[in-house]
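Worksheet for the structure shown next.
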Amino acid sequence: MEPTLSVTRPWSGRILAILGILFAALALAVMAPAPATAEESQDDVVEVEEDLVEEPEEEYTLFFRGNVQFEGEALSGVLITIEGPAGFSSTVETDADGRWEVGVPEKVVYTITLDEETLPEGVVVAEGGATRDAEFGQTSNASVNFFLGEGQRVTQSIWSQVLDRAVTGLNFGLLLALASIGLSLIFGTTGLSNFAHAEMVTFGALMMLTFSVYLAWPVWLAIVAALVLSAALGWVLDAGLWKPLRRRGVAIVPLMIVSIGLSLAMRYTYQFFYGGSTQQLPGATIPPTIILGPISLSWIDVVSMAVSIVALLAFGYFLTRTRIGKATRAVSDNPSLASASGIDVDRVIRIVWILGALLAGISGVLFGYYRPGVSWDMGFQLLLLIFAAVTLGGLGTAFGALVGSLIVGLFVELSTLWLPSDLKYVGALVVLILVLLFRPQGILGRRERIG
């Protein structure tokens, strides 16, 4: 029997190996992502670069800090609100150690409020109140702490808040009236809507700052110097600018455009010499010490209202009892007829400019204490309210400007009970629009003045 030979077929193993490689390649092809195009790759790079670029955060170098504790125990989750000029507002929550910190942009007076609703039950602010004013000294850090104790939390009723705000609004309305009356008389005698009147308000405050802070004069002497220079500014503006333009017969609209240019020039001149920061007048941060029920006032508030009332009464006496005052009212009513009656119209207009600038200077000084603080654009913040008061009371009428100012001042402060503080000026302008819809000539104006 012949032996049987076993023949090996190497090609069958090779076929199996090739098939395994093909299956593996197919699996890799299915699992691998599709190749990106050049545009998609560029988009990916851009997206990565955008992710790497972070928005720069505003960094502050000035900080208020505090620590809220009660009987040695840290209180976390307590809300602290810091408010300052130019609409600055920030709210922070205390951490687990009771600490809080807030950065602010400049060295001015800030109002810091602790929200008592976020304190534990039975814990209240025992001394100093939950709201206080704070400012920096020579350093870039300031500590503000609230003294807590046990007690019943007392909240003011709505009527108590209305009464307190009404007194504050009366104070604001009186100082607004000082500026509005001067603007109203200038319009009545010349027909000019002087947009630079706000800078005359700022001028009085800056002169007060110069003499009382920079030159360290006594406060009463600094006030006298500021008011004298304010009156002198009115004389210079009329003698050097407005009277020559009147003699050339320049129309009202070009004169108004000149006043806008003058406003910008004066405002940025103030910024160049005094800087952009807000500075305090002597005694501007005195806390309220006069408590009459729900009404809290400082001596600065009382003096401010007294000065405003005395100045307004004196000016009212000037308009109604003196010869120049009667001539002023005559020119305001009809300049041509007043000139035909023998009244020196140019002399009356000069006196009106001087008195208007003087009243604006008084308003600026009082507003520097009311804010509190003096800055290069503080008068501009009042400009729309001044025009609203003049238009609301009746164009060209001094007593109408007084009534309009009181209404605007009261509404501005009372509206903060329902509106955010940033919108209080908007509310006053809404009232102006509503009144003019039903009485276009204003409260005390006459119909022939319209147009």
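A short reminder: the numbers here are calculations on the coordinates, not readings from a lab. All values derive from a computational prediction rather than experimental measurement. Don't worry about glycine lacking a Cβ; one is built from the backbone with ideal geometry, like all the others, and counts go over all protein chains shown.
For the range 426-440, take each phi angle, set θ = phi - 60°, evaluate the Karplus expression 6.51 cos²θ - 1.76 cosθ + 1.60, and give the result in whole Hz per residue in order, putting x for glycine and proline.
Karplus-based 3J(HN,Hα) across the range 426-440 equals 5, x, 5, 5, 5, 4, 4, 5, 5, 5, 5, 5, 9, 9, x Hz.
For the range 91-135, which trypsin sites (Lys or Arg not before Pro) are both in a DSSP coil and crowded by at most 11 other Cβ atoms within 10 Å?
Answer in residue order: no site qualifies.
First select every other residue whose beta carbon is under 12 angstrom from the beta carbon of LEU382; then total the charges, Lys and Arg +1, Asp and Glu -1.
On the way: positive: ARG371; negative: GLU199, ASP377.
It works out to a net charge of -1.
List the residues whose amide H sits under 5 Å from the amide H of VAL108, counting only those 5 or more places along or on another chain, with H placed 1.01 Å from N in the peptide plane.
PHE136
Under a straight-distance cross-link criterion of Cα-Cα below 27 Å, which lysines are reachable from LYS107, leaving out those fewer than 8 residues away in the same chain?
Within the straight-line limit of under 27 Å, LYS107 reaches these lysines: LYS424.
Treating the range 62-155 as a set of equal point scatterers at the Cα positions, no solvent, please give the Debye-formula log₁₀ I(q)/I(0) at q = 0.19, 0.25 Å⁻¹.
-0.86, -1.35
Report ³J(HN,Hα) in whole Hz for each residue of the range 301-310, in order, from the Karplus equation J = 6.51 cos²θ - 1.76 cosθ + 1.60 where θ = phi - 60°; Gly and Pro get x.
Whole-Hz 3J(HN,Hα) from phi for the range 301-310: 5, 5, 5, 4, 5, 5, 4, 4, 5, 4.
Just to check I understand the Karplus step: with θ = phi - 60° and J = 6.51 cos²θ - 1.76 cosθ + 1.60, what whole-Hz values come out for the range 289-295, glycine and proline as x?
10, 9, 10, 10, x, x, 8
Run down the lysines and flag those whose C-alpha is under 26 Å from the C-alpha of LYS326, throwing out any fewer than 8 positions away in its chain.
LYS243
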